[in-house]
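Readers should treat all values here as calculations from the given coordinates under stated rules, not as data from a laboratory. For clarity, every value in this text was computed on a predicted model and none was experimentally measured. Glycine gets a Cβ as well: all are built from the backbone with ideal geometry, and neighbour counts include every protein chain shown.
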Amino acid sequence: MTAGFTWATAINLALVLLCLCVMVQAIRMDRRIRALRDGHLEQAVEKLDHATHQARIVLADLKRVLSTDAAAQGEMLNAARELRDELSVMVGVGNSVAERIVDAADKARVAEAGVRRRSARWREEADAVLRAEESTRREAVPAVATSAAGATAETRDLSSIVFDLTSARGPRGSAVA
């Protein structure tokens, strides 16, 4: 630094600037304090009281709305729970009906298979009886055999009709026994 400007001078100039800033702020504060003393304090208190009153009104309205909305939400929640319970009962009934239908279908399949086996057995027995009758007729009377041939064909036709009737389905789909 130069001979006339030292560190001490620089520090003193900075202190002078800071003191000027403090003086400006003190003057501004003094003006505001005087304004408060002159009556602005009463206006500030009135404004604060009015804001507090408005906040109380808003809080009371909010409390009222929340209490009615909470009750309405509770009612809707109870109704939803009742619907849930009713639907779970309905689903249970539907599941049990479905299980009964599946069981009935299984039993019907088993019964139908049994009827088919019985009708096949009856056909085999009827064919065996017819063969036995034919063989006894052929051996017993050769002259009557030619006239009996028509009767044998007729007997076969009758046995096939009987078989068809026993294996035919009734109006409800059950086998006629």
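For the range 1-100, a simple Cβ point-charge model (Lys and Arg +1, Asp and Glu -1, everything else neutral) yields a dipole of about 660 debye relative to the Cα centre. Extending 7 Å from the Cα toward the beta-carbon at both A71 and S135 defines two label points whose distance is 9.8 nm.
Simple rule: put +1 on each Lys or Arg Cβ and -1 on each Asp or Glu Cβ in the range 1-95, find the dipole, and look at S88, V22, T9; the Cα lying farthest toward the positive end is T9.
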